[in-house]
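Scroll down for the structure; my scribbles are underneath it.
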Amino acid sequence: MQDTSAWYAVWTRSRHEQVVREQLERKGLEAFLPTITKWSRWKDRKKQIDWPLFPGYCFVRFNGVDRLSVLKCTGVVSIVSFVSSIVSILPASYQPSTSITWILAPLSIMYWNASVR
């Protein structure tokens with residue numbers, strides 16, 4: 001039987017990206033959460049923290065008909081869709097690596113530039 005799984009974007013609750021990724025991996029699904037390192041400052045210290053490159057989103061590879069197990073994860077709001085049909089964002093043959101950052105970088109630049117203003 002041929003593997004028909006593809007990559008989908010999952011919309012998460014605010015600051016639940018790591019939790020969603022961990023739950024998806026526990027369910028045996030391939031999940032990907034690109035992060036960037038930012039300095040966080042408190043009154044008494046500064047620390048480097050890994051923040052999601054796309055806040056509110058996590059990427060997961062699964063067969064589209066098996067979406068219920070993804071939607072049941074705590075923190076998942078929905079799977080990104082168009083005209084009420086889920087849409088894959090990358091081909092099934094794609095393997096995640098640091099090169100995904102180059103594919104999605106223009107979106108992250110627009111997001112981070114808009115949030116600074």
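Every number in this text was worked out from the coordinates using simple rules, so none of it is lab data. Just so it is clear, the model here is predicted, and its values are computed rather than measured. Cβ atoms come from the backbone with ideal geometry, glycine included; neighbour counts cover every protein chain shown.
Please report, ordered by residue number, the strands (runs of 3 or more DSSP E) entirely within region 1-45 with at least 3 residues that are surrounded by 13 or more Cβ atoms within 10 Å (Cβ to Cβ).
Counting at least 3 such residues, we get 6-12, 30-32.
Give just the number: which of (1) touching a residue at least 60 places away in the same chain (Cβ under 8 Å); (2) among the aromatic types (Phe, Trp, Tyr); (3) under 18 Å from residue 82 (Cα atoms) does residue 32 not satisfy?
(3)
Just the residues that are in a strand (DSSP E or B), among the charged types (D, E, K, R) and surrounded by 14 or more Cβ atoms within 10 Å (Cβ to Cβ), please, taken from region 46-69.
61
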